[in-house]
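The values are calculated or read from the model by the stated rules, or taken from the named source; none is laboratory data. It should be emphasised that the depicted structure is a prediction, and the values quoted were computed from it without experimental measurement. Every residue, glycine as well, gets a Cβ built from its backbone with ideal geometry; the counts of neighbours run over all protein chains shown.
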């Protein structure tokens with residue numbers, strides 16, 4: 001057994017296809033087949049069941065995957081430590097963030113991080129959770145922040161925190177700025193929400209049905225800036241996590257209403273490629289991001305605690 005065979009095995013396992021794995025690993029299908037055949041001979045067992053639809057791991061394959069991912073991750077970590085003995089943090093950093101974090105936290109995080117690490121080449125991709133998860137699994141970004149979701153092969157996740165959901169309306173609306181909102185008492189609502197299939201939209205739809213929220217009209221829009229602009233100039237409202245709403249706390253264009261009865265929340269995870277160790281550049285950026293997120297969360301806790309209850 002060698003590391004190349006393990007990397008080949010993990011790639012095929014995660015892609016479910018020799019053809020897809022060959023493209024990702026920049027190799028030929030025949031070359032990957034030889035690597036897997038040799039690995040199976042070494043292990044003395046079959047690791048994949050082949051069919052016209054692709055490959056499925058056997059029980060032995062599933063057991064090997066968990067170990068292989070950890071071995072590759074440890075090897076990657078050793079390589080990073082050896083390359084960074086100088087103590088300087090350099091190199092490229094590719095970050096994936098949802099609009100919640102690009103609007104709510106990115107500017108102060110970038111300012112502090114780039115001042116401390118001027119030799120890191122930072123690039124940021126803004127997208128919704130499904131796209132970000134694919135990019136992490138494919139190794140196109142070093143890490144991403146997404147709503148908590150089910151486990152997925154090729155991705156390692158850890159908890160970041162939890163936001164309270166906020167009803168966002170135009171300034172001068174029916175409720176006072178920062179007055180709590182009970183959605184069941186406000187309907188029928190006109191809402192701007194993400195398209196179906198978006199994790200938050202699906203979760204909100206389930207909550208509306210469970211709570212008996214009356215909805216008159218939904219404008220489906222996967223464009224955050226356009227959503228905020230439209231809400232500020234119309235009778236449509238939207239529902240957003242508290243982190244993205246920090247810029248509207250003064251209540252100039254939009255008014256904010258923490259949802260209660262019941263409280264709605266959304267949790268976040270930091271996700272990384274399972275087979276790779278985080279680079280020092282990524283580790284430092286995540287530390288800055290977590291610190292800013294905690295600061296924002298404390299601010300919201302204080303605001304919500306100060307709101308008079310009905």
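Overview of values
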read-out: The lone exception for residue 246 - which of (1) in contact with a helix residue (DSSP H, G or I) (Cβ under 9 Å, 6 or more places away or on another chain); (2) farther than 15 Å from residue 167 by Cβ; (3) at pLDDT 95 or above it fails; value: (3)
read-out: Residues located in region 112-132, provided they are more than 15 Å from residue 222 (Cβ to Cβ), in contact with a helix residue (DSSP H, G or I) (Cβ under 7 Å, 6 or more places away or on another chain) and assigned to a helix (DSSP H, G or I); value: 112, 113
read-out: Residues located in region 183-200, provided they are within 17 Å of residue 241 (Cα to Cα) and buried (at least 17 other Cβ atoms within 10 Å of the Cβ); value: 183, 191, 192, 193, 194, 198, 199, 200
read-out: Check on residue 160, assigned to a strand (DSSP E or B), in contact (Cβ under 8 Å) with a residue 12 or more places away in the chain and touching a helix residue (DSSP H, G or I) at 6+ places or on another chain (Cβ under 9 Å); value: yes
read-out: Qualifying positions in region 22-44 - over 18 Å from residue 71 (Cβ atoms) and either assigned to a helix (DSSP H, G or I) or touching a helix residue (DSSP H, G or I) at 6+ places or on another chain (Cβ under 7 Å) (or both); value: 22, 23, 24, 28, 29, 30, 31, 32, 33, 34, 37, 41
read-out: Selection from region 133-149 of residues that are at pLDDT below 90, within 25 Å of residue 6 (Cα to Cα) and part of a loop (DSSP other than H, G, I, E, B); value: 138, 139
read-out: Any hit, region 169-180, residues being at pLDDT below 95 and in a strand (DSSP E or B); value: no
read-out: Selection status of residue 294, closer than 30 Å to residue 81 by Cβ and surrounded by fewer than 16 Cβ atoms within 10 Å (Cβ to Cβ); value: yes
read-out: Check on residue 8, in a loop (DSSP other than H, G, I, E, B) and either over 30 Å from residue 243 (Cα atoms) or more than 26 Å from the chain's Cα centre (by Cα) (or both); value: no
read-out: Single residue of 271, 286 found to be in a strand (DSSP E or B), more than 20 Å from residue 175 (Cβ to Cβ) and in the same structural domain as residue 107 (by TED's automatic domain parsing); value: 271
read-out: Candidates 73, 63, filtered to the one that is more than 30 Å from residue 114 (Cα to Cα), part of a helix (DSSP H, G or I) and within 28 Å of the chain's Cα centre (by Cα); value: 63
read-out: Identity of the residue in region 181-199, assigned to a loop (DSSP other than H, G, I, E, B) and out of contact with any helix residue (DSSP H, G or I) (no Cβ under 7 Å at 6 or more places or on another chain), that ends up farthest from residue 303 (Cα to Cα); value: 197
read-out: Some residue of region 200-210 being farther than 14 Å from residue 169 by Cα and assigned to a loop (DSSP other than H, G, I, E, B); value: no
read-out: Sole exception among (1) surrounded by 15 or more Cβ atoms within 10 Å (Cβ to Cβ); (2) closer than 22 Å to residue 230 by Cβ for residue 149, by number; value: (2)
read-out: Of all residues in region 76-105 being in a loop (DSSP other than H, G, I, E, B) and modelled with pLDDT of 70 or more, the one that is surrounded by the fewest Cβ atoms within 10 Å (Cβ to Cβ); value: 88
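Every residue, every condition in (1) in contact with a strand residue (DSSP E or B) (Cβ under 6 Å, 6 or more places away or on another chain); (2) in the same structural domain as residue 149 (by TED's automatic domain parsing); (3) not in a helix (DSSP H, G or I), yes or no:
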{"position": "218", "(1), (2), (3)": "yes, no, yes"}
{"position": "226", "(1), (2), (3)": "no, no, no"}
{"position": "229", "(1), (2), (3)": "no, no, no"}
{"position": "239", "(1), (2), (3)": "yes, no, yes"}
{"position": "243", "(1), (2), (3)": "yes, no, no"}
{"position": "252", "(1), (2), (3)": "no, no, yes"}
{"position": "275", "(1), (2), (3)": "no, yes, yes"}
{"position": "290", "(1), (2), (3)": "no, yes, no"}
{"position": "299", "(1), (2), (3)": "no, yes, no"}
